[in-house]
Amino acid sequence: MNMNPIKHFIWQILPSILAVLCALLIGAVIIIAIGENPLQAYTAMLQGAFGDTSSWAETLQRATPYIFGALAFLVAARSGLFNIGLEGQMYVGAIAAVIVGFSLHNLPSFLHILLALIAAALAGYVWAIIPALLKVKSGVHEVISTIMLNYVAYALTAYLTVHVYHEPGAVAQTYQVDPGAILPALMPPSKLNTGFILAIILAIALYIFLFHTPWGYNLRVTGLNPGAGRYAGIKSKRIILWAMLLSGAIGGLMGAERSLGVYGRFINSFSPGYGFTAIAVALLGQNHPLGIIPAAILFGALENGGSFMSLQVNVPRELGLILEALIIVFIAAEHFFRVHLRSMMKGDKE
Amino acid sequence: MISFLSVSIIQATVAIATPLFIGALGGLFNERVGIVNVGLDGIMLSGAFAAAITSYYTQSAWIGVLAALMVGALLGLLHAAICVGLKADHVVSGVAINILASSLTVFLLQLLFNNKGQSPSAPKIGQISNAGSIPILGPIINNMSYLTIIGLLLILLSHFFLYHTKMGLRLRSVGENPYAAQSLGIPVRKYMYLSVIVGCALAGLAGSFLSIGILNVFTKDMTAGRGYIALAAMIFGRWTPFGSLGASVFFGYVLAWQMNAQGLTIPAQIVEIIPYLATLLVLAFVAKRARGPAHDGKTFAPGEH
Amino acid sequence: MVHKEALVISGLKKYFGHVKANDGIDLVVRTGTIHAIVGENGAGKSTLMNSLFGLHQPDSGEIYLWGEKVLFSSPLQALAHGIGMVHQHFMLVEALSVLENIILGAEPGKGILLNYKNSRKTVEEICHKYGLELDLDALVENVPVGIQQRIEIVKVLYRGARLIILDEPTAVLIPQEIDRMFEILREFKRDGCTVIFITHKLHEVMALADDVTVIRDGRTVGHWPISQVNEKILARQMVGREVVLDLVKEETKPSELILQVQGLQTEQVNGDQSAEDLSFNIRAGEILGIVGVAGNGQDALIEGILGLRKVEKGEILYLGEAINGVNTSHLRQKGISCISADRLKTGLVREFSVRENAILGYQKSKEFVSKLLFHKKKINHYAQQIIKEFQIKTPSLDALITQLSGGNQQKLIIGRELHANPKLIIAVQPTRGVDIGAIEFIYQVLLECRRKNAAILLISNELEEVLSLSDRVAVLYQGRFMGSNAPNRLTKESIGLMMAGVRTEGEGEPV
């Protein structure tokens, strides 16, 4: 099977495209079932997502946490870990950024933001240390430990919001951050902010790191075959530790972008499940740092377009979320399809 | 005066523990055949939803319970098809189920009742009444939901099934080494499918307790992570029915005590993390002994291994 | 009346995609005989047995069992028809007891309940009859490998199998245990059972079988009564050409000391055998062969030297310099290379391309990295070079490593490990699971390295291989050397005794 690069590329992304198409197809069936016209609904969705510059801005704004989250997920996934604790890492990152944001004053904006982002990354990092150490020292599976830590993070941030940094309002929230700590908006009045640029830069940096440096190579070997890595002098425990910490730090940044760029403060349980949906984005993007960018934009579009659609036709906007879930289901199926098609092409060895 | 043991604490413990141990039992039937199911929370949510709206439309709580079982079983079929049939990653499937459940329930609420927050109120499952006069046990079982009794019976039944029947031995062998089981003529896939379906039906049942056992409505995202606590209880209980029950009662007690100790200086959020921290500690310090089935979370792919 | 032929297979075919795993297998097994099936790795033996055992269905062909035409869709039917199989990779549930493993799937009694009392009696009777002692209450995970095979055999007997298939059963046994196993198989034969014995060891065929069938490239090449063939004929039939396994081993004069190991004691890891006070030297231009039953400290020895396992006591000197605990990648740069035991587990990354696998272990070496990034051109050039030099058949550098045959995968590893002209080569099972063509090639390469004055530590389960390549042979038992000598001064019996832990007189010279 000797393939040229373009064919190879198409072969790579085909499953993702098919998964999206299958999900849209089922979505159409649902729309028909509730007595609406799927074409009309999808057109409205598309229009809502990409109709003009302000809808583009809103779509990219919604895509931003998914880019961060998917990058965080894939760094861990490439080293063989399933970081289902992004939600927790995001929460602690978001509140850490906000604490730095409202505690310091009269700093140059650039420095203030930088410090807040560092605090967020450190908080996410600390939140990832526990599962990473448990994994490396005691062999505790990270899926369970990170899920547990998600809830610890919910409770901790809720405690800080309600009892320590509470500011009265319609929702449980903290004080506002210093204006200098706010991530500048790119296209006001949209909440799209410089965090988006940061996310894109991070994606490119991770791409180079993973595929063009020996350290990235070591990380991938650890994820795919730690036994072979061991004989190649790669210390898998150390790599797992670092990958998980990097993942947690990026997870923390995901939270900081929301709190510094969108809300200007910490809002209790602000996340509609960013950390979990980001996993879907990472899978749709085939755990590739560049692949997740279009995947994240698609998810942003489904949600943004979904809101617009619900105003145009009588379909609840949650359809967008249902489509997201269906995409993951089909991604799983597509993996199967790919394996089988491959083996049919090359023939199974005994 | 802080009381550590009172009738109200005991009753609250039982109420909190019931969905946990039924859910944990559901998780156990998944993991005992080697299928990890982090979608337990979503399945409980779907069960809660199905129970509430079916109970509302039929005006019968028991038909609601039946609906919860069926919806759970259906999601179990989906999970098994993805993990066993398509050999995909178990956690991925679980995440998909969770997202599907939380979006689909809100979607349907909006469609059916034009309300994204909650369903109309529906008949709830009955409770033991007039048992107050029985000595000692009376105050405890008075007001106990029938579903709690059913859950306790299921724990007994599951223990007996797993450790004293041929099928139980075979089921356990599937989760430990499906290749060995297959070589002895045990229909591995069938065991996996059936056990996952039964386990998820139980998760659905646990969900029904949340909506029409304790309350009489379904509210958006009402599981609030109880599916994960159930998973934690299963691990804490070392993948055994009695262990899961014990862990659930422990978690239930901690939360019930906190509810009854209002006005105490310990904030609720701090107490809420106890189940999660306890599970983390158990995993950290007795990880070797707290070992799950050997093939848990792995893909069964005969001919490729 | 019992049918004359226990098993007749005709024209059996099984394709996986384009690969013809079985492409016309004919087999006739007489009732009450021991029938050997021989063939190279990948010849289609396992596929054939999986078809017979109902693990998958053949695409065409017929199977007759005691005259009755059968086609099994699951192992359950095969078991019900009296077929029992001892798999090469044991099929045991580690968390269950020995007794539970034996009765699993065939629990006694009609009801749904487990009854251990009855089953215990039945199992004990079987063990007693064949002299197979077992602790029925032990957990399988605590039982040594040799005993695990005993459990597998009792499992088959418990199910009342009349046709017993053993897939490469001697791989984990020492010579004396092999003799004992042969006794048991002959006893089965006396009891009227039929035995099919799958192997690639021809001397075992000659010693045990009544009839032999040779398979090559998925086809039956021929079948003979054992009296009509010898090892040479079988080898020729197996490979399809004349096999010259006489190696040209020039006399070399071992010169400078390359590796000195003194009193090596490694850390205990997860119940794996540690090295216990191992001492030996290897000089340039010599091959030191190490034999022993798998699990007697081979891994500890290799990993101790490579810095992969903690050394508790003792000293490892490489070119006179202590290398205790030095990282593997540094050792590779210093000229120590390792052809590891299991290529897909420790030698290669399945999901990687040929190019990416070609630098595994050397990924940080200066020749491939410049300014923190990989130097693509240099890597390509290097990969092309080893492909050419080691005659590796691959569609391209971008092909996935799993698209290559086992032999070509192994050649890539060897090419990679030898490209930097190492002074010390640790070769572990270098010919495992490759065809004879590749075996010959690998032997030539190793002898070439010896001629070029490399020191080679050869660790293998293939006794023949070690005896024919090595200048000296040492026997490892429970982490200790039982003795060593030049191969021509050792007999199989003496090696077997040492492998079983018996120190023989006169073999005690320092390694």
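The values are calculated or read from the model by the stated rules, or taken from the named source; none is laboratory data. Predicted model, so just to flag it, every value in this text is computed and none were measured. Because the Cβ atoms are built from the backbone with ideal geometry, glycine has one as well, and the counts that use them run over all protein chains shown.
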So residue C:32 passes all but one of these: (1) within 19 Å of residue C:87 (Cα to Cα); (2) not in a strand (DSSP E or B). Which condition number does it fail? (1)
When you scan the range C:51-89, how many residues do you find that are within 12 Å of chain B (Cβ to nearest Cβ), aromatic (Phe, Trp, Tyr) and either in a strand (DSSP E or B) or in contact with a strand residue (DSSP E or B) (Cβ under 7 Å, 6 or more places away or on another chain) (or both)? 1
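Hey, among the residues in the range B:246-305 that are hydroxyl-bearing (Ser, Thr, Tyr) and at pLDDT 80 or above, which one's farthest from residue A:137 (Cα to Cα)? Before the answer, list the steps.
Going through the range B:246-305, the residues hydroxyl-bearing (Ser, Thr, Tyr) turn out to be B:248, B:253, B:265, B:276, B:279, B:299.
After this cut, where a residue has to be at pLDDT 80 or above as well, the list is B:248, B:253, B:276, B:299.
Numbers: B:248: 27, B:253: 31, B:276: 19, B:299: 25 Å.
Residue satisfying both the conditions and the ranking: B:253.
On the given criteria, is residue C:303 out of contact with any strand residue (DSSP E or B) (no Cβ under 6 Å at 6 or more places or on another chain), in contact (Cβ under 8 Å) with a residue 12 or more places away in the chain, part of a loop (DSSP other than H, G, I, E, B) and acidic (Asp, Glu)? Working first, answer last.
Values: out of contact with any strand residue (DSSP E or B) (no Cβ under 6 Å at 6 or more places or on another chain): yes; in contact (Cβ under 8 Å) with a residue 12 or more places away in the chain: yes; part of a loop (DSSP other than H, G, I, E, B): no; acidic (Asp, Glu): yes.
Against the criterion (out of contact with any strand residue (DSSP E or B) (no Cβ under 6 Å at 6 or more places or on another chain), in contact (Cβ under 8 Å) with a residue 12 or more places away in the chain, part of a loop (DSSP other than H, G, I, E, B) and acidic (Asp, Glu)), residue C:303 does not qualify.
Would you mind listing the helices (runs of 4 or more DSSP H) fully within the range A:199-268 where at least 3 residues are touching a residue at least 40 places away in the same chain (Cβ under 8 Å), within 20 Å of the chain's Cα centre (by Cα) and more than 30 Å from residue C:349 (Cα to Cα)? Before the answer, list the steps.
Values: elements: A:214-224, A:226-231, A:236-256.
Those helices (runs of 4 or more DSSP H) span A:236-256.
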Considering only helices (runs of 4 or more DSSP H) wholly within the range B:112-231, the ones with at least 3 residues that are of a type in the set (Ser, Thr, Tyr) and under 16 Å from residue B:27 (Cα atoms) are B:188-209
Looking only at helices (runs of 4 or more DSSP H) that fall completely inside the range C:309-421, which ones have 2 or more residues that are touching an Asp or Glu at 6+ places or on another chain (Cβ under 8 Å), closer than 26 Å to residue C:19 by Cα and modelled with pLDDT of 90 or more? C:354-358
What are the pairs with Cβ atoms under 7 angstrom where one residue, in the range A:173-185, is surrounded by fewer than 19 Cβ atoms within 10 Å (Cβ to Cβ) and the other, located anywhere, is acidic (Asp, Glu)? Sequence gap at least six, or different chains. A:175/A:167
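Of these, B:202, B:194, B:169, B:154, which one is surrounded by fewer than 24 Cβ atoms within 10 Å (Cβ to Cβ), in contact (Cβ under 8 Å) with a residue 24 or more places away in the chain and out of contact with any Lys or Arg (no Cβ under 9 Å at 6 or more places or on another chain)? Before you say what the answer is, go through the steps one by one.
Values: B:202 fails: surrounded by fewer than 24 Cβ atoms within 10 Å (Cβ to Cβ); B:194 fails: in contact (Cβ under 8 Å) with a residue 24 or more places away in the chain; B:169 fails: in contact (Cβ under 8 Å) with a residue 24 or more places away in the chain.
Among B:202, B:194, B:169, B:154, only B:154 is surrounded by fewer than 24 Cβ atoms within 10 Å (Cβ to Cβ), in contact (Cβ under 8 Å) with a residue 24 or more places away in the chain and out of contact with any Lys or Arg (no Cβ under 9 Å at 6 or more places or on another chain).
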Select the helices (runs of 4 or more DSSP H) contained entirely in the range A:1-97, then report the ones holding at least 1 residues which are touching a residue at least 12 places away in the same chain (Cβ under 8 Å) and within 14 Å of the chain's Cα centre (by Cα). A:53-78
When only residues in the range C:461-494 that are modelled with pLDDT under 85 and within 19 Å of the chain's Cα centre (by Cα) count, which is surrounded by the most Cβ atoms within 10 Å (Cβ to Cβ)? C:463
Those residues of the range A:309-350 which are at pLDDT 90 or above and surrounded by fewer than 20 Cβ atoms within 10 Å (Cβ to Cβ) amount to none
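Take residue C:42 and tell me if it is free of Cβ contacts under 8 Å to residues at least 12 places away in the same chain and touching an Asp or Glu at 6+ places or on another chain (Cβ under 6 Å). Even if it seems obvious, please write down each step before you answer.
Working: free of Cβ contacts under 8 Å to residues at least 12 places away in the same chain: no; touching an Asp or Glu at 6+ places or on another chain (Cβ under 6 Å): yes.
So residue C:42 fails the test.
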Has the range C:312-323 got at least one residue that is of a type in the set (Phe, Trp, Tyr) and not assigned by TED's automatic domain parsing to the domain that holds residue C:280? no
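In the range C:157-185, which residues are in contact with a helix residue (DSSP H, G or I) (Cβ under 7 Å, 6 or more places away or on another chain) and part of a helix (DSSP H, G or I)?
At the first step, the residues of the range C:157-185 found to be in contact with a helix residue (DSSP H, G or I) (Cβ under 7 Å, 6 or more places away or on another chain) are C:157-159, C:164-165, C:167, C:169-170, C:172-177, C:182, C:184-185.
Residues satisfying the conditions are C:157, C:158, C:175, C:176, C:177, C:182, C:184, C:185.
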Residues that are at pLDDT 90 or above, buried (at least 23 other Cβ atoms within 10 Å of the Cβ) and farther than 18 Å from residue C:433 by Cα, drawn from the range C:30-51: C:34, C:35, C:36
At pLDDT 95 or above and either more than 8 Å from every other protein chain (Cβ to nearest Cβ) or within 20 Å of residue B:227 (Cα to Cα) (or both): does that describe residue B:104? no
I need the full set of residues from the range C:90-116 which are of a type outside the set (A, V, I, L, M, F, W, C) and either facing another protein chain (nearest Cβ under 7 Å) or touching a residue at least 60 places away in the same chain (Cβ under 8 Å) (or both), in order please. C:94, C:100, C:105, C:107
Look through B:201, B:230 and report the one residue that is more than 14 Å from chain C (Cβ to nearest Cβ), under 30 Å from residue C:76 (Cα atoms) and out of contact with any strand residue (DSSP E or B) (no Cβ under 7 Å at 6 or more places or on another chain). B:201
